[in-house]
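Visitor: Here it is, the structure, as structure tokens.
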């Protein structure tokens, strides 16, 4: 195996963790790689740390995000990537030492356009917390399930052929995040495979924009629903993607944007809720959001998530 791999790593104020992220690339058992570190207008010393590594290893390239945000940073890095394969990364996470070697071996063996692997969720000090085990549900699932996040894949789990990644790139700069867009594009047009190994350590810490996985607050739940709805709205406006979707998937997109709209309303509107077409479950969630205190909603959300975890076990 002697194929160049481009690792694209957006960075925004990751001074505390970026050294560990870079060290995990330097320590790969597969050494034919380039690391494109894209500074998303950091205001701390992240780039000073990155520059100290770049001066010692020419495989590190520091770029300035030509736009703003993680999606634009991925586009900036992708435009400068020279590798045949690409792995997406983050400045606060860590790759296991064998990650790139196992990915190159698997994608070569299967001749897939893209493969994905499992992720280990870790605490700030890298202590194991839980596993994001994706399984075959993406391969076997429908576009509807992927858009509904039942079979979605986190962007850090993807390893793909750069020449075939034009299916998803450039990422639309107006997207709030990249996961669903990449998954939808790969599901609709690519041959995908699954590598059942935990090759990525996804760190949980207080400064994450998206919020930690163990954050059960109602405000975080609403924030995530709103971000997801923004992606759904973009998909609805994308003619080429709409052509590849069936009526049920389109209904899911419309449903998600309507759910977000009602959930975020400060005043109740029962007539609008009644004709919305939302499921009974989602109508109940909206009514609770209108009338229940947020601490109670956070408590219910915590119970729901714990029950789901119990069912999985």
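The values are calculated or read from the model by the stated rules, or taken from the named source; none is laboratory data. Given the structure is predicted, the values throughout are model-derived calculations rather than measurements. All Cβ positions, even for glycine, are placed from backbone atoms using ideal geometry, and neighbour counts span all protein chains on display.
Visitor: Could you identify the single residue in 262, 278, 273, 307 that is at pLDDT below 75 and either part of a helix (DSSP H, G or I) or at negative phi (or both)?
Guide: After applying the criteria, what remains is 307.
Visitor: If you take the residues in region 45-79 that are part of a loop (DSSP other than H, G, I, E, B) and under 25 Å from residue 175 (Cα atoms), which one is modelled with the highest pLDDT?
Guide: 65
Visitor: On to the next question. Looking at 45, 65, can you tell me which residue is farther than 23 Å from residue 195 by Cβ and in contact (Cβ under 8 Å) with a residue 40 or more places away in the chain?
Guide: None of the other options fit; the residue is 65.
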